[in-house]
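First up is the structure itself, then whatever we jot down about it.
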Amino acid sequence: MSRTPRRGRRRTAAALLVAALAWTPRGIGQEEPAPGPAGSPSVEDRLRRLEELNASLLEQNRMLLDRLDDLSTKYDEVIRVVGPATGTEAPAPPSDPAVEPAQDLGMPPLPGPSPVGPMGEPASPVDAQPDAPRLDSVAPPPAITGSGRAGAIGGYQTQILGSRGEPAGQSSARNRPIEAPFSGEGRFPLEAFYDEGFVLGSDDEDVPFLLKTNVRMQFRHTGFDRSRLAWVDSAGIVRPILERNDFEIERGRLSFEGFFYDPDLQYYLNLDFDTDDQHVVIAQDFWMNYRFNRGLDVYIGKAFVPGSRSWLEGSTRTQFADRSMATTFFRPDRSVGIWALGEPIDKVFYRVMLANGFNTSDLTFEEINEQLAYSGSVWSEVIGEYGRGFSDLEWHDELAVRLGNSFTFAPGSPADIIFNPVSEQDFVRLSDGTPLFETGALAPGVTVEDFDIYLYAVDAALKYRGLSLNAEYYFRWLQDIQADLPLPVGRTRMYDHGYYVQGGYFVARERVELIARHSQVNGPFGSGQEYALGFNWFINRSHYLKFTFDANWLDAIPAQNSGPNYRAGDSGMLFRSQLQVAF
């Protein structure tokens, strides 16, 4: 129904009312004075009085027309949100003397405000004028009863853009649940709406189902100005240091999550497209899980090996454009396996995993050995509620502190890996950046074939009123190193260690954060360092629309990974400008 005809009918009704009142010898609520004795008002006085009353009535009806216009506008807004009525009329609002004549002339009853806005969020209440009828006096629509699980969609806790270390079903009350939209019936077979992601779901009691889709892109410009031309690794190979000045899509992610058959039977699929990985789309993460209770959530699939807190936090909420140099050097990667996580005690969390290996993300069974890897992490929010991410975007008015530690043991090593200086399969490097499997890395003409790896990490972090500090220290042991020829004494085992410490402070609350970081790696073949400064601009006060700039001084770094733009041996100034968009 268009707005113009409806307003025309209401204006016509009001005009008729004005005309009727203008010709009535007495006004509404006014008694005609009885003839009195001599000295009573003359005919002229009575006519003047009648004119005053008519002028007053004209003003009242003008105000009535203004109210009708305002109510018509609000009625159109409500219809635009909830759609036209489908045979079920809302109950009429209580009588209001100010608008009772218009209601008597056929004006339809006004519906109540919609419980859901156009994007799936609760609709903002319509502000009533001080003297206008109350729209919220209308009885609300019936509530969704859902299935026997009392509304599985409404109870599903989501964490946008993938859960990383804390999947959706394990989310705490700090994460807002999806609000299912009102469909006009007690149950709905299928609903589609938006709630920080595109949601398609059903509360059918036989087959409850939910699918949530998210998109994320990190668009980055990388510039590197080298301070020297080349470096020499421990095998004596001279390697050039390359400069950079280019744009890239570092992470192009399309993720799907939800549940099927049972709200506790959940799934997650994360597809990744990076321009620095030969423009190939891969399943970065994929798992199914069943949540027995708060203390036990069991998973099967492919995901992070939980060997580092910074690694488990994921790439969405990093404080810099990417993780630190030390984290990149020591951390494990993804692997296929079985794992469990939970919160058995209030604010005490764990995650344990039995995986194919330390770093077997995209390897086939011919490329890995027969030994499985064991990894676990335990952490606690010892003071307050720390939450997710390293920046104090939530602005904690009270101190929040988190402590944790992680351990990983992976016997053996991937077999038959061919050296490629860009490949991330060659994950183990010496403290000067030389790949461990390179011939001559530990001794001239000798090639390493096997080893055991142990990694232990301890971490601490705090947030308070816009200030955040976090750090992690890494200890790595390579044991039982075997090669095709005898190794020199002292080369059958190796110990490296390193750390990062970083912090930030919001100079504009929830908007602009200044950040700083230092990381270092130490070992028997040398050491490398990183110093970084930068800022974050949270455009919509979230990580989902964020601009980051950082400047990093690199000094003989041993880490190599295309994600954070580190290349082993680099020395010089690294600049990164990144826009992250997620929805």
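The values are calculated or read from the model by the stated rules, or taken from the named source; none is laboratory data. Just so it is clear, the model here is predicted, and its values are computed rather than measured. Cβ atoms come from the backbone with ideal geometry, glycine included; neighbour counts cover every protein chain shown. These area figures cover heavy atoms from the full protein model, side chains too; ligands, DNA and RNA do not enter into them. Shrake-Rupley method; radii C 1.70, N 1.55, O 1.52, S 1.80 Å.
Each semi-axis of the equivalent ellipsoid for segment 198-582 is √(5λ) with λ an eigenvalue of the Cα gyration tensor; in descending order they amount to 33, 26, 21 Å. Seen from D346, the other residues with C-beta closer than 13 Å to its C-beta sum to a net charge of -1, counting Lys and Arg as +1 and Asp and Glu as -1.
Please list, by residue number, every one of the GluC sites (Glu not before Pro) in segment 268-370 that is coil in DSSP and has at most 11 other beta-carbon atoms within 10 Å.
Working: sites: E313, E366, E367, E370; in loops: E313, E370.
Qualifying residues, ordered by number: E370.
Within segment 311-406, which chymotrypsin sites (Phe, Trp or Tyr not before Pro) sit in a loop by DSSP and count at most 14 neighbouring Cβ atoms inside 10 Å?
Details: sites: W311, F320, F329, F330, W339, F349, Y350, F358, F365, Y374, W379, Y386, F390, W395; in loops: F320, F358, Y386, F390, W395.
Within segment 311-406, the qualifying chymotrypsin sites (Phe, Trp or Tyr not before Pro) (loop, at most 14 other Cβ atoms within 10 Å) are W395.
Based on Cα contacts under 8 Å between residues 6+ apart, segment 460-526 shows a relative contact order of 31 percent.
Between L200 and E510, the contour length at 0.36 nm per residue exceeds the alpha carbon distance by 108.5 nm. Normalised by the number of residues in segment 198-582, the mean separation of alpha-carbon contacts (under 8 Å, six or more apart) gives a relative contact order of 16 percent. For the pair R62 and Y495, label points projected 7 Å from Cα toward Cβ lie 9.2 nm apart.
With a 1.4 Å probe and all protein chains in place, put F547, F304, F247 in order of accessible area, largest first.
Details: F547 60, F304 5, F247 140 Å².
Descending order: F247, F547, F304.
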